[in-house]
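Enquirer: To start, I am sharing the structure in question, which I have written as structure tokens.
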Number of protein chains: 2
Amino acid sequence: MKATDSRNLHGHVIRELGKRIVVGDLRPGDVLPREEDLAESMDVSRTALREALKVLSAKGLIESRPRVGTRVRATHFWNQLDADVLSWRCASMPTDDFIEKLVEMREIIEPAAAAAAARRRTATQLAQVDLAYRKMEAARDTEEWAAADLSFHDAVLQATGNELMISLFSVVESALGMFFVLSAKTAGDFSYSLPQHLKVLEAIRRQQPEVARKAMQGMIADSLANLRKKRKGRTKKAS
Amino acid sequence: MKATDSRNLHGHVIRELGKRIVVGDLRPGDVLPREEDLAESMDVSRTALREALKVLSAKGLIESRPRVGTRVRATHFWNQLDADVLSWRCASMPTDDFIEKLVEMREIIEPAAAAAAARRRTATQLAQVDLAYRKMEAARDTEEWAAADLSFHDAVLQATGNELMISLFSVVESALGMFFVLSAKTAGDFSYSLPQHLKVLEAIRRQQPEVARKAMQGMIADSLANLRKKRKGRTKKAS
DNA sequence: CTCGGTACGTTTGTATGATAAATTTCGGAC
DNA sequence: GTCCGAAATTTATCATACAAACGTACCGAG
């Protein structure tokens, strides 16, 4: 689910510059080349470049002022929850520090969401969670499983009926995405968390908020433990 | 803290169109007039209009395709957490339903943030929370109090050291903003929540996560009760 | 010598017009 | 009736020009 469409020309420019900034290639305070030069160096017209700059501006990454130019803003101005910013940060192997922050967000968001879902879910919303669970059961490879897992967590968020909560899916998506990448090497055991998903599903079905919350907490705790194990192995291998 | 700068011409267009969409004047599925006509009707060049459309596109509000035109996207595509989208929604007296959702987000975000802050806060971060609290104590009118209150809740978020958490300030800001507006009529008693803020501050100072969490929960619960009381009065008056 | 204001140059902001690309729609051939 | 291609419309992109804003440096007054 890429927010910026890379088919369009200025979409490409957005991604290119956005990544460079988020990754740290361009640092806060740095001023970009003048629009005319930058446009030429990226092989687009100044018009297209400016449309991209406006979008990056809206994401809080840059700020343009006449005469002084366009410069990268301090990180605390960035829309860290923006789907693009998140995906750009995850694109170039994020620091362990950032992964911890993503997991912390999951620990806060998802148990609360599971509880709210158990409290208020409609029949159709429950059916969506159930469907996602059955797709996880039926998954035959990691790719299918990843897609089903994502749709499960999405369905839980949807079942809260709170669109603000639902918009936090981009955070959950990034966290799960990182997890998939780090777990890719040791595939095969990708269904170990199925029972925990079932617990969440059943709690939502039976409308037991606290049970759903605990089940989700457990799932994330396990996921975190697994992540740390993988990471330790990776670090050990690297050293 | 307005994200889009209204000084610029296209910033004005962003706000104008964005509000119309978020408020519901333009409904999902509606197609906007052709760029040339729309630009003329808003007294800007097509260039400026397109820069605005790109930003609204990045916020998920609209989608442009050649030949078919620009149309308003379904609400589930909107970046509901975007500071602009939130402020536009709050600008025209939001529905009670939306206020409930904002409060629910607070109930999830802020207690968790308080706990994390208590766990990890640095000395300087604590000092910021303390400073905000003292500004609340010293506030002489509702305006000063509102500013201090906002900076208190901001400082708690900052103290988590998690930039993803910090970015959720826009949600807290909107929720508090609504509360201030609804409480405006019955001013004077604006300091009743001071003891609760003190509890949070002290728990963070003493690094007691669970105490901080409970204190924050209590504060929000009271705030919600107060809100419902006000709203009932308002509804009764209106009927 | 310092302070302040003014003129100048640079960069973004905005406007205009033209061309390319994409996609729906309509019409014609089979 | 169906399928394929041409046309028309709208966004996408480009090129150019001018306006506005904002440092900066220069100049003059005290």
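The values are calculated or read from the model by the stated rules, or taken from the named source; none is laboratory data. Everything numeric in this text was worked out from a predicted model, so none of it was measured. Counting neighbours? That spans all protein chains shown, and the Cβs are built from the backbone with ideal geometry, glycine included.
Enquirer: Any idea which of (1) within 14 Å of DNA strand D (Cβ to nearest atom); (2) in contact with a Pro (Cβ under 9 Å, 6 or more places away or on another chain) is the one residue A:12 doesn't satisfy?
Expert: For residue A:12, the exception is condition (2).
Enquirer: Something else about it: Report yes if residue A:64 is in contact with a helix residue (DSSP H, G or I) (Cβ under 6 Å, 6 or more places away or on another chain) and either farther than 25 Å from residue A:170 by Cβ or surrounded by fewer than 18 Cβ atoms within 10 Å (Cβ to Cβ) (or both), otherwise no.
Expert: no
Quick grid of which residues meet (1) of a type outside the set (Val, Ile, Thr); (2) within 24 Å of residue B:171 (Cα to Cα); (3) in contact (Cβ under 8 Å) with a residue 40 or more places away in the chain:
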{"residue": "A:139", "(1), (2), (3)": "yes, no, yes"}
{"residue": "A:142", "(1), (2), (3)": "no, no, yes"}
{"residue": "A:163", "(1), (2), (3)": "yes, yes, no"}
{"residue": "A:168", "(1), (2), (3)": "yes, yes, yes"}
{"residue": "A:174", "(1), (2), (3)": "yes, yes, yes"}
{"residue": "A:177", "(1), (2), (3)": "yes, no, yes"}
{"residue": "A:183", "(1), (2), (3)": "yes, no, yes"}
{"residue": "A:196", "(1), (2), (3)": "yes, no, no"}
{"residue": "A:199", "(1), (2), (3)": "yes, no, no"}
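Enquirer: What is the number of the single condition among (1) more than 13 Å from DNA strand C (Cβ to nearest atom); (2) farther than 22 Å from residue B:164 by Cβ; (3) not charged (D, E, K, R) that residue B:31 does not meet?
Expert: (1)
Enquirer: Continuing with this model, one more query. In segment A:105-133, what residues are within 13 Å of the chain's Cα centre (by Cα) and not aliphatic (A, V, I, L, M)?
Expert: Within segment A:105-133, just A:106 meets the criteria.
Enquirer: Moving on to the next point. Which residues, counting only those in segment B:66-104, are more than 10 Å from chain A (Cβ to nearest Cβ) and β-branched (Val, Ile, Thr)?
Expert: The answer is B:68, B:70, B:72, B:95, B:99, B:103.
Enquirer: Restricting to segment B:18-65, count the residues that are in a helix (DSSP H, G or I) and within 13 Å of chain A (Cβ to nearest Cβ).
Expert: Number of matching residues: 16.
Enquirer: Hey, does segment B:43-50 have a residue that's at pLDDT 95 or above and of a type in the set (Val, Ile, Thr)?
Expert: Within segment B:43-50, one or more residues are at pLDDT 95 or above and of a type in the set (Val, Ile, Thr).
Enquirer: Find the helices (runs of 4 or more DSSP H) located wholly in segment A:66-180 whose residues include 1 or more that are within 22 Å of residue B:80 (Cα to Cα) and within 16 Å of DNA strand C (Cβ to nearest atom), and list them.
Expert: Filter on segment A:66-180 gives an empty set.
Enquirer: Take residue A:221 and tell me if it is among the small types (Gly, Ala, Ser) and surrounded by 18 or more Cβ atoms within 10 Å (Cβ to Cβ).
Expert: Against the criterion (among the small types (Gly, Ala, Ser) and surrounded by 18 or more Cβ atoms within 10 Å (Cβ to Cβ)), residue A:221 does not qualify.
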